[in-house]
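Below: one structure, written as structure tokens.
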Amino acid sequence: MPVPIRRLFVALTLCCALLAGATACGSATDDATQDTAAVVAAATPSPSTSAERQKFAKTRFVANAGLAAGATYQWIVKPWKAGKFKKGASGRRFALIKAGLAGAFAYNRLKAATKNAKGDPTLAKAVAPLSAGIDSLKDLPSKLRKGDSTDATAGSFDDIINKVKDAGKSAGASVTDKVPSAGQLAGG
């Protein structure tokens with residue numbers, strides 16, 4: 001009984017496709033890992049000159065310091081000046097929780113800003129004396145959440161932010177407040 005050419009061609013094509021698929025699923029994991037690493041390394045952008053690195057470092061410094069300043073002003077300094085942190089104040093608990101989150105966010109962004117400042121020699125010199133002050137902010141968000149010494153805590157956040165702004169201005173990178181969204185604040 002003769003087999004039509006069309007069936008023979010379909011069967012042969014199907015067998016070749018299965019054979020090619022089976023050989024493609026081999027156990028060459030080392031080669032695949034190296035290929036993936038090469039693709040990721042090739043896709044990572046990097047500035048080509050030191051001038052570009054410095055420019056991007058200043059820009060990132062301004063963005064991170066601006067977010068820290070905006071969060072500090074919006075959720076720590078304004079409520080502190082309005083008396084929201086005093087015992088018996090209306091909405092005190094919610095204000096303290098927001099201030100604690102804002103404090104953690106501001107600390108995170110200030111640490112990133114000091115890391116960015118290291119990419120620019122002028123900024124690095126201006127911000128270097130502030131790193132100890134920024135490190136001292138590490139425990140303050142938990143103090144804000146608990147309600148411990150809120151006046152001193154809010155004042156120290158305000159002082160550090162103003163010093164970072166002044167250091168940026170002296171290095172030619174003026175920092176303006178940028179209030180982060182609630183999603184940015186919660187995400188850190």
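Remark: pairs (first residue in region 113-133, under 13 Å from Lys58 (Cβ atoms) and modelled with pLDDT of 85 or more; second residue assigned to a helix (DSSP H, G or I) and among the acidic types (Asp, Glu); Cβ separation under 9 Å; 6+ apart in sequence or on different chains) = Ala126/Asp166. With respect to the stated conditions, Arg6 fails to be modelled with pLDDT under 60, more than 30 Å from Leu140 (Cα to Cα) and open to solvent by 70 Å² or more (accessible area, probe 1.4 Å). Taken over region 30-86, the criterion of being modelled with pLDDT under 90, open to solvent by 40 Å² or more (accessible area, probe 1.4 Å), in a helix (DSSP H, G or I) and among the small types (Gly, Ala, Ser) is satisfied by Ala32, Ala37, Ala38, Ala41, Ala42, Ala43, Ser50, Ala51. The set of residues from region 147-183 being touching a residue at least 40 places away in the same chain (Cβ under 8 Å), over 20 Å from Ala128 (Cβ atoms) and open to solvent by 20 Å² or more (accessible area, probe 1.4 Å) comprises Asp151, Asp158, Thr176, Asp177, Lys178, Val179.
Consider region 157-166 and keep the residues that are at pLDDT 85 or above and not charged (D, E, K, R). The one that is nearest to Phe61 (Cα to Cα) is Val164.
In summary, helices (runs of 4 or more DSSP H) completely within region 95-188 and bearing 2 or more residues that are β-branched (Val, Ile, Thr) occur at 121-127, 150-170.
When you look at Ala89, is it open to solvent by less than 70 Å² (accessible area, probe 1.4 Å), assigned to a loop (DSSP other than H, G, I, E, B) and farther than 16 Å from Arg60 by Cα, yes or no? Lay out the reasoning, then the answer.
Details: open to solvent by less than 70 Å² (accessible area, probe 1.4 Å): yes; assigned to a loop (DSSP other than H, G, I, E, B): yes; farther than 16 Å from Arg60 by Cα: yes.
Criteria met by Ala89.
The values are calculated or read from the model by the stated rules, or taken from the named source; none is laboratory data. Only a predicted model underlies this, so the values are computations on that prediction, with no experimental measurement involved. For neighbour counting, all protein chains shown are included, and Cβ atoms are generated from backbone atoms with ideal geometry for every residue, glycine included. Ligands, DNA and RNA are stripped out before the accessible areas are found, and what is left, the full protein with its side chains, is counted by its heavy atoms. Shrake-Rupley method; radii C 1.70, N 1.55, O 1.52, S 1.80 Å.
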